[in-house]
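Input: a single structure, listed below in structure tokens.
The values are calculated or read from the model by the stated rules, or taken from the named source; none is laboratory data. Keep in mind that this is a model prediction, so the values were computed, not measured. Methodologically, a virtual Cβ is constructed for each residue, glycine included, from the backbone with ideal geometry; neighbour enumeration extends over all protein chains shown.
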Amino acid sequence: MTTLYDMIVRHVRTGEAGGTADIGIVDGTVAAMGALGDAAAAETLDAGGLLLTPPFVEPHVHLDTVLTAGDPTWNESGTLAEGIRIWSDRKRSLTEADVLARAEAALRLYVGYGVLHLRAMVDIGDPALTALRTVLALRSRLRGLVDIQVTAFPQDGIVACPANAARMEEALRMGADGVSAVPHLERTREDGIQSLRIAFDMARRSGAYVHVFCDETDDAGSRYLEVCAALALETGLGPRVTAAHANAAAYYNEPYFRKVAGLVRSSGISIVACPLINSVMQGRYDAYPKGRGITRIKELLDAGVNVALAHDDIRTPFYPLGTGNPLDAAHMGAHLAHMSGRAELRSLIGTITEGGAAAMNLGDAYGWRAGVLKIGAPASFLLFDAEDAADLVRGRPAPRYVFSAGRIVAETLPAVTRLRGGGLEAASPALRETKLPVPALREP
Ligand SMILES: [Zn+2]
């Protein structure tokens, strides 16, 4: 008696050793994995040895500000202060149609690059909560394709802007999943702590998560990461807490950093680093030598902390670049965090897959653990024309196929670069995808 699968994906490469397997899919979940021989299926895809990876996770994106760079003006200084000023103007003219068109365009980019789980930040400074309403509606509409968590984000602070506390409560009533705070932008250290207490208390009462914009500054005196960890312990919220950015940690003295890393580890909170935006945003006011503007990704990982990388902004007043490809964040992380060793490049892929899933508390819904797709899990995975993790970070290709719950939801055809004249004429894959000879990329 043979099982009839809805689909069999044949010959996926499951690791760097070169072994392949077939994936049998029934009702959107993984029913079998291995050599499925002549098992019958309604549909078959021959992956031809494409590399199998977990879906990507984007744990920090602004779906309300996305794709507004240059509208109405460009951020010429590149500073956070000018970005906030431009966004304060721009957000007065937000309409549902405007937010929807831009958020949808961004989600097309993300899904094409293999992102199936996103945590969105939505500024709730607008009394009408237009952006929030729109993103919440989009979340419902796209359920089953892409999983979106919505964070009520008080861009202008909570103590400095008292109306934001009530708006966060309202956002939770409307269906937001999490709350936030920006303690380093409050007026005083004490106000910053107070803003965290308000956000944590709201989360504790409502069951929301807390996603803090934490120490996004080059000021070594910004020490809200320890407060986040302490409040995570005090409230019992633990892994329901993420501290995003944590740039000031790059400047902490070593004994203090070690203390904080241990505290963060024992609190169970996750760190979300945003190497793309912070590489241009931080260090702006430094004389040489300039700070690298990135939290201590490698040292936090070594301390046993869950670290996720986020792509963050795509073409906003805060960051004019961005593609939506999480591999760009991993690539920048490899450089800024000095993580170019082979095991380190592998662990960077972990930060945009399972690390992100842990930060978002996805649990079994993610379906992958320790690089293995589990039987019975949603058939959500990516297939890449790449050798291994290092090759992914280097080439930053789009996946050939993106599977979400058993369906192909995106397909990218290989690009071809044709060299003409000069003795090098040949058709080859696009330049970034050009592979090195295989033996040079294999483990010894
Ligand atoms: Zn951000």
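Yes or no, residue by residue, for (1) closer than 26 Å to residue 257 by Cβ; (2) in the same structural domain as residue 64 (by TED's automatic domain parsing); (3) touching a Pro at 6+ places or on another chain (Cβ under 8 Å):
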site	(1), (2), (3)
308	yes, yes, yes
330	yes, yes, no
351	yes, yes, no
385	no, no, yes
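When you scan region 54-72, do you find a residue that is of a type outside the set (Phe, Trp, Tyr), within 16 Å of the ligand (Cβ to nearest atom) and assigned to a helix (DSSP H, G or I), even just one?
Initially, region 54-72 is screened for residues of a type outside the set (Phe, Trp, Tyr), giving 54-55, 57-72.
With within 16 Å of the ligand (Cβ to nearest atom) added as a condition, the list becomes 57-69.
Now restrict to residues that are assigned to a helix (DSSP H, G or I): none.
No, region 54-72 contains no residue that is of a type outside the set (Phe, Trp, Tyr), within 16 Å of the ligand (Cβ to nearest atom) and assigned to a helix (DSSP H, G or I).
Of the conditions (1) over 29 Å from residue 235 (Cβ atoms); (2) within 13 Å of the chain's Cα centre (by Cα), residue 338 satisfies every one except a single condition; which number is it?
Checking residue 338 against (1) over 29 Å from residue 235 (Cβ atoms); (2) within 13 Å of the chain's Cα centre (by Cα), the one that fails is (2).
Pick from 203, 181: which is small (Gly, Ala, Ser), at pLDDT 95 or above and within 16 Å of the ligand (Cβ to nearest atom)? So that I can check it myself, show each step before the final result.
Details: 203 fails: within 16 Å of the ligand (Cβ to nearest atom).
Answer to the check: 181.
With of a type in the set (D, E, K, R) and either within 16 Å of the ligand (Cβ to nearest atom) or not assigned by TED's automatic domain parsing to the domain that holds residue 280 (or both) as the only criterion, which of 216, 170 stands out?
On the way: 170 fails: either within 16 Å of the ligand (Cβ to nearest atom) or not assigned by TED's automatic domain parsing to the domain that holds residue 280 (or both).
Exactly one of 216, 170 is of a type in the set (D, E, K, R) and either within 16 Å of the ligand (Cβ to nearest atom) or not assigned by TED's automatic domain parsing to the domain that holds residue 280 (or both), namely 216.
Criterion first (in contact (Cβ under 8 Å) with a residue 24 or more places away in the chain, over 18 Å from residue 241 (Cα atoms) and not polar (S, T, N, Q)) does residue 314 satisfy it? Let's see the steps before the verdict.
Details: in contact (Cβ under 8 Å) with a residue 24 or more places away in the chain: yes; over 18 Å from residue 241 (Cα atoms): yes; not polar (S, T, N, Q): yes.
Criteria met by residue 314.
Cβ-Cβ under 6 Å, sequence separation 6+ or interchain: first residue in region 345-372 and of a type in the set (Val, Ile, Thr), partner at pLDDT below 95. Which pairs?
So the pair list comes out as 349/389.
Let's see how each residue does on (1) within 15 Å of the ligand (Cβ to nearest atom); (2) within 15 Å of the chain's Cα centre (by Cα):
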| residue | (1), (2) |
| --- | --- |
| 77 | no, no |
| 84 | yes, no |
| 96 | no, no |
| 106 | yes, yes |
| 112 | no, yes |
| 116 | no, yes |
| 119 | yes, yes |
| 134 | no, no |
| 139 | no, no |
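Being assigned by TED's automatic domain parsing to the domain that holds residue 381 and of a type in the set (Ser, Thr, Tyr) narrows it down to one of 44, 65, so name that one. Talk me through it step by step, then tell me what you get.
Numbers: 65 fails: assigned by TED's automatic domain parsing to the domain that holds residue 381.
Step by step, each of 44, 65 is checked, and only 44 is assigned by TED's automatic domain parsing to the domain that holds residue 381 and of a type in the set (Ser, Thr, Tyr).
Tell me, yes or no, whether region 351-372 has at least one residue that is buried (at least 20 other Cβ atoms within 10 Å of the Cβ), of a type outside the set (Phe, Trp, Tyr), at pLDDT below 95 and not in a helix (DSSP H, G or I).
Scanning region 351-372, I find at least one residue that is buried (at least 20 other Cβ atoms within 10 Å of the Cβ), of a type outside the set (Phe, Trp, Tyr), at pLDDT below 95 and not in a helix (DSSP H, G or I), so the answer is yes.
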